[in-house]
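Just so it is clear, none of the values below were taken in a lab; they were calculated from the coordinates. Owing to the predicted nature of the structure, the values given are computational and were not obtained by experimental measurement. Heads up, the Cβs are rebuilt from the backbone with ideal geometry, glycines too, and the neighbour counts pull from every protein chain shown.
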Amino acid sequence: RNQLVEKLEEQEMIAFRYNFWFGGHFATNYPWWLRNLKRRNTKPFYNLEMDESIRYYEPYVVGYRPGIPRYWEDFRGYGLNKISFLTECVKAGYNFAVLNKLYVVHLDHPTYSLAKQGVMKNASRLVYTKFMEYNEEKYGDIYKEIFCPEC
């Protein structure tokens, strides 16, 4: 833990894609999390408020498996799979919290070419449309109003 704090403070490590995709992890509030990580006596977790930013939120999730919505199986490759999963979890009534003393270290990996990313994003958008229809049927029209007003 001490090494992680040191590397984060020296900016030798950063929160996953924090500089590139701030909205994808906004609700975690990394500065708050880092302050809590450095403290010895702190609460084990803090609750997250899930609002419209859920549309962009991509945290790592630990949960009790029975009852948690499954990943939408039609997503392949890059784009919208984690966002759709979290969105459905929120609609299904799950609450989220950040565990103060827990962290995951993600090792970077090669990225897809921009052309391949574009193809996968387009395919994911088509799947996302199906996913939205499923959610509208399961949770009602309010789903679109809250989570996808431009749909």
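With the cut-off at 29 Å, tell me which of the pairs Lys43/Lys138; Lys7/Lys82; Lys101/Lys121; Lys38/Lys121; Lys91/Lys121; Lys43/Lys82 have Cα atoms farther apart than that.
Numbers: Lys43/Lys138 36 Å; Lys7/Lys82 27 Å; Lys101/Lys121 34 Å; Lys38/Lys121 38 Å; Lys91/Lys121 24 Å; Lys43/Lys82 27 Å.
Over 29 Å Cα-Cα: Lys43/Lys138; Lys101/Lys121; Lys38/Lys121.
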For the stretch 72-107, listing trypsin sites (Lys or Arg not before Pro) in a DSSP loop whose Cβ sees at most 11 other Cβ atoms within 10 Å gives Arg76
If amide H atoms are modeled at 1.01 Å from N in the peptide plane, then the residues at a separation of 5 or more from Phe45, or on another chain, having amide H under 5 Å from its own are Asn100
